[in-house]
1. Take B:N3, project a point 7 Å from its Cα along the Cβ direction, then tell me which residues of region B:67-111 have their backbone nitrogen under 20 Å from it.
2. Among all stretches of chain B without exposed GluC sites (Glu not before Pro) (DSSP loop, at most 14 other Cβ atoms within 10 Å), which one is longest?
3. Count the lysine pairs in the protein assembly as shown that are 8 or more places apart or on different chains: how many have C-alpha atoms under 25 angstrom apart?
4. Using a Gaussian network model of chain B whose springs link C-alpha atoms within less than 10 Å, name the residue from B:S27, B:S62, B:S47 with the highest mean-square fluctuation.
5. From the gyration tensor of the Cα coordinates in region B:1-88, what semi-axes in whole Å does the equivalent ellipsoid have, largest first, with each one equal to sqrt(5λ)?
6. For chain A, give me the percentage of DSSP beta bridges that are antiparallel, rounded to the nearest 5 percent.
7. Tell me, what HN-Hα J-couplings in whole Hz come from the Karplus equation 6.51 cos²θ - 1.76 cosθ + 1.60 at θ = phi - 60° for each residue of region B:63-78, using x for Gly and Pro?
8. Could you compute how fast region A:1-91 diffuses translationally, taking Rh as the Kirkwood radius over C-alpha pairs and applying Stokes-Einstein at 20 °C with viscosity 1.002 mPa s? Give it in µm² per second.
Amino acid sequence: GAGVSQSPSNKVTEKGKDVELRCDPISGHTALYWYRQSLGQGLEFLIYFQGNSAPDKSGLPSDRFSAERTGGSVSTLTIQRTQQEDSAVYLCASSRSGTRYNEQFFGPGTRLTVL
Amino acid sequence: GQNIDQPTEMTATEGAIVQINCTYQTSGFNGLFWYQQHAGEAPTFLSYNVLDGLEEKGRFSSFLSRSKGYSYLLLKELQMKDSASYLCAVPGSSNTGKLIFGQGTTLQVKP
């Protein structure tokens, strides 16, 4: 595809339910990142993938959050037993390689609302 | 660790010039990024500075002073479509490319 895509664009769920958010990076990009943007806050790093491995998970806020990447392409971020504080826009980004100098291309995000 | 500060909101007039400042504290320096984010849309890359000085790219310019831990984004000949959030970011300390973002500056351009 031409850019990074994410689905769904919006997700409303009830507290305690599990949700899965999907990211399709730009073809050929080996690095993939998940960020979270809460209302009035800056983007907050969650997890980094290089290929199918996640060498940096330091931003995941709790063990309710997990992510995987398959085939060096699609990634899924899973939030178990959602809480109201999980409400945010979840953004995915990809880059050619996971170095400090590479531009990251962002998807449009998934807006998660936990009632 | 890293810390980034930028003003929360700014207002400017169409056709004018506006400067959006960003100050940072990092344990090491590996460049500074600026992204633009229109409401409800994906952030898009504007610039990357790793050396001191001004880099011009059309109506947008970005400046960096490593000794002062300071950068600014300069927008000239403002247009209504420039109303957006402008995000300052630096790479994290690990060599993974993850970005540490400031809160973002929401710019409102008025006619």
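1. B:67-72, B:88-94, B:99-105
2. Excluding the exposed sites themselves, the longest stretch runs over B:42-76.
3. Close lysine pairs under the 25 Å cut-off: 13.
4. Judging by the Gaussian network model, the answer is B:S27.
5. Taking √(5λ) for each eigenvalue gives 22, 14, 12 Å, largest first.
6. Taking every DSSP beta bridge within chain A, about 90 percent pair in antiparallel fashion.
7. Those phi angles translate into 10, 9, 10, 5, 5, 9, x, 9, 9, 9, 10, 10, 10, 9, 6, 3 Hz.
8. Roughly 158 µm²/s, to the nearest whole number.
Values in this text are rule-based calculations from the coordinates and carry no lab data. Every value quoted in this text rests on a predicted model; they were computed, and no experiment measured them. As a convention, Cβ positions derive from the backbone with ideal geometry for all residues, glycine included, and neighbour counts pool all protein chains shown.
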